[in-house]
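Asks: The structure under discussion is supplied below as structure tokens; questions concerning it will follow.
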Amino acid sequence: MNTFNYIDGCWVEGQGIDCITVHDPALGVPFAELMAASTAQVDLAVTAARQALPAWKATPASERARLLHGFAEQLTARREALIALQMCNNGKPRHEAEVDLDDAVATFTYYAALAEQSPASNREVPLAVQGFTSRTRLEPIGVVGLIVPWNFPLVTSAWKLAPALAAGCTVVLKPSEVTPLAELAYGEIASQIGLPAGVLNIVNGKAETGAALSGHPGLDKLSFTGSNGVGSQVMRASAAHCRPLTLELGGKSAIIVFDDCDVQQAVDWIIAGITWNAGQMCSATSRLLVQEGIADALLSQLQSALTQLRVGNPSREEVDMGPLTSQAQWLKVAGYIASARDEGLRCMAGGKAVDRDGWFVSPTLYVDVPASSRLWQEEIFGPVLCAQRFSTEQQAIEHANDSRFGLVATVCSNDLQRAERVADSLEVGHVWINSVQAVFVETSWGGTKASGIGRELGPWGLSAYQAVKHVTRCLG
Ligand code: NAD
């Protein structure tokens, strides 16, 4: 069977030219193959979404909410299978795969509730001028293309799919070619719970399929999560049609540790921020800024903790960190490690591949990394942490903000007034104080500067799929 594309309510074989090979990164061996959708099939998917739009738009919000609850319930029913798939195809340790599943369920549940509330639809707007009334309608933006990466496939797709459906949009989703199987669950669930045909379409494929979707004239909006390079390309494609887009791009985020912190607690936060998902997180806190007073003690404790992490095959062992998800990513990280060697950076941990099959990298720490180093400036997307020391609060803020990216940051300090002050000064979309990578569906997600345009999650995530309309009536 090779029916990995879900178009107009039917599972269809890909008719493109690309063959997608799906790997287990812990072994470096393939376990599935599928054919990509052709450009003509992308066109069919957009057409199906267009045809389904009027009826889906007119579907009462309560019914849309019921179906979104159905997604949450059916994800839960598939829990074990989806956790196993995340472990096998992404290389995630079990506890991480569980968090992903829970996150996707919470996202569908949250947007089901928001759909039920229909916030501010048909709200009267008070006018200063007499003789008129005006009301606001929040309407679905239309047919949306969703293109996602491979690092959190269930989650990233849920963050787009749930609000888009809640808003009344119809969707064409393109998963990553590295992890094309996870999102098939959304198609199976759509079919099982009776989501009308054409409301959700899934086309699998590589760059060509993504480009066919992002450049398709039949879309009303594109929401993209991925690299800055491809982000620029999809931005150009949207510009050609003068249509809106949301971009969730890369990061090079700072974790700032002041010298009033408990060193062991700070080490735990630092490790979580760079080794969760083997560092393959847009929000990885990959630049450590540590205050001089505790720098030596903290770096030496960090070195020993990183060296003791259990790195291995999540499907066979109890591990803290799995492999990188693809060979391409492994080669990219290996390139940065070679670059660090050329630059003469001081390595306190890791700095090498793990001697076993699969695409493993040891948790790596470089210290006293100059701001001019490409390892300090560029997103590596692996378990590679670069550290610098600072002396004053102002210096910490300046160093943290000295980046083209602006996704997230973590501030660790027992002086909460200072922590809040620093948080307010950081040029990012989300700051965690004395915590790390704590993402809640009610709070926003997205970056400033080169980290993206727009916000996901919370009510902002729903607004991203709504168009504001006013109906103004003359009373005279
Ligand atoms: P990528 O940009 O290579 O691919 C992302 C998606 O775009 C994939 O589905 C891919 O097939 C598709 N694509 C590739 N070429 C295309 C083209 N020309 N036109 C349209 N689509 C195309 O990114 P990746 O390697 O899959 O993911 C890693 C990147 O994603 C990192 O930079 C990471 O920071 C970023 N990311 C950001 C967030 C966020 O919320 N800001 C979350 C996760 C990942």
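The values are calculated or read from the model by the stated rules, or taken from the named source; none is laboratory data. The model shown is predicted, which means the values in this text are computed figures rather than measured ones. For neighbour counting, all protein chains shown are included, and Cβ atoms are generated from backbone atoms with ideal geometry for every residue, glycine included.
Asks: Considering region 283-297 alone, what residues qualify as being out of contact with any Phe, Trp or Tyr (no Cβ under 8 Å at 6 or more places or on another chain), hydrophobic (A, V, I, L, M, F, W, C) and crowded, with 24+ Cβ neighbours inside 10 Å?
Replies: The answer is L288, and nothing else.
Asks: Oh, and also: Go through the residues of region 250-258 one by one and say whether even a single one is crowded, with 21+ Cβ neighbours inside 10 Å and over 25 Å from the mean Cα position of the chain (by Cα).
Replies: yes
Asks: Scan region 349-387 for residues that are in a strand (DSSP E or B) and of a type in the set (V, I, T) and report the count.
Replies: The initial filter retains those residues of region 349-387 that are in a strand (DSSP E or B), namely 349, 353, 361, 364-367, 384-387.
Retained after the next criterion (residues that are of a type in the set (V, I, T)): 361, 364, 367, 384.
Summing the residues that are in a strand (DSSP E or B) and of a type in the set (V, I, T) in region 349-387 gives 4.
Asks: Could you figure out which of (1) away from the ligand (no atom under 11 Å from the Cβ); (2) farther than 18 Å from V42 by Cβ; (3) hydroxyl-bearing (S, T, Y) isn't true of T170?
Replies: Status for T170: all satisfied but (2).
Asks: Here is a further query. Given the conditions (1) over 20 Å from S121 (Cα atoms); (2) part of a helix (DSSP H, G or I), report the number of the one that V441 does not fulfil.
Replies: Result: V441 fails condition (2) only.
Asks: Name the helices (runs of 4 or more DSSP H) wholly within region 19-92 that hold at least 3 residues that are of a type in the set (G, A, S) and at pLDDT 95 or above? Lay out the reasoning, then the answer.
Replies: Details: elements: 39-58, 61-77, 79-85.
Answer list for region 19-92: 39-58, 61-77.
Asks: Filter region 210-223 for residues that are outside any loop (DSSP other than H, G, I, E, B), more than 7 Å from the ligand (Cβ to nearest atom) and within 22 Å of D18 (Cα to Cα) and give the result. Steps first, answer last, please.
Replies: In the first step, residues of region 210-223 are kept if they are outside any loop (DSSP other than H, G, I, E, B); the result is 210-214, 221-223.
Then keep just the ones that are more than 7 Å from the ligand (Cβ to nearest atom); that gives 212, 221-223.
Within region 210-223, just A212 meets the criteria.
Asks: To continue, here is another question. Report whether or not V354 is at pLDDT 95 or above and not assigned by TED's automatic domain parsing to the domain that holds V234. If you could, list the steps in order and put the result at the bottom.
Replies: Details: at pLDDT 95 or above: no; not assigned by TED's automatic domain parsing to the domain that holds V234: yes.
Against the criterion (at pLDDT 95 or above and not assigned by TED's automatic domain parsing to the domain that holds V234), V354 does not qualify.
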